[in-house]
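Okay, structure first, notes after.
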Amino acid sequence: MYRGEEMPSFFGVKHRGRLQIVMDVLKAIIEEDKPTRIMYRSNLAWDRMIIALDLLEQRGLISSKRMGSRSRFFITESGMEALSRYDNFTKLLMFDV
């Protein structure tokens, strides 16, 4: 049926939902602690990244620290646990994320 062709996506167009966006931000914070680098790594616009950071900090999944005039962000133990559960769930369902 789809020989030689790419099989269409089960969900149609691939757009990230809110959950995947915040999980991408958590993954970015593991690698980077500066807001601009987090923005680039998670592929978000600045205003959307700020909203995601605020949400994650309110939920206790990340923490922030002022260093001079700049903020740095760090993933908490709860954030690592949430990310691990999310990754396990998507692997279980075999979603390509």
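Structure data summary
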{"quantity": "Scope the range 36-60; condition farther than 20 Å from Arg16 by Cα and surrounded by 15 or more Cβ atoms within 10 Å (Cβ to Cβ); matching residues", "calculated": "Glu57"}
{"quantity": "Subset of the range 67-81 (residues that are part of a helix (DSSP H, G or I) and farther than 19 Å from Arg41 by Cα)", "calculated": "Glu77, Ser78, Glu81"}
{"quantity": "Residue tally, condition under 22 Å from Pro35 (Cβ atoms), out of contact with any Pro (no Cβ under 7 Å at 6 or more places or on another chain), surrounded by 11 or more Cβ atoms within 10 Å (Cβ to Cβ) and not aromatic (Phe, Trp, Tyr), over the range 66-97", "calculated": "9"}
{"quantity": "Search result, residues across the range 25-40 that are without any contact (Cβ under 8 Å) to a residue 40 or more places away in the chain, in a helix (DSSP H, G or I), more than 9 Å from the chain's Cα centre (by Cα) and within 18 Å of Leu61 (Cα to Cα)", "calculated": "Glu31, Pro35, Ile38, Met39"}
{"quantity": "Considering residues of the range 1-24 that are assigned to a loop (DSSP other than H, G, I, E, B) and among the basic types (Lys, Arg) only, the residue modelled with the highest pLDDT", "calculated": "Arg16"}
{"quantity": "Test: Asp47 is in a loop (DSSP other than H, G, I, E, B) and more than 17 Å from Ser84 (Cα to Cα)", "calculated": "no"}
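The values are calculated or read from the model by the stated rules, or taken from the named source; none is laboratory data. Predicted model only: the values in this text are computed from it and were never measured. Positions of Cβ are backbone-derived with ideal geometry, glycine not excepted, and every protein chain shown enters the neighbour counts.
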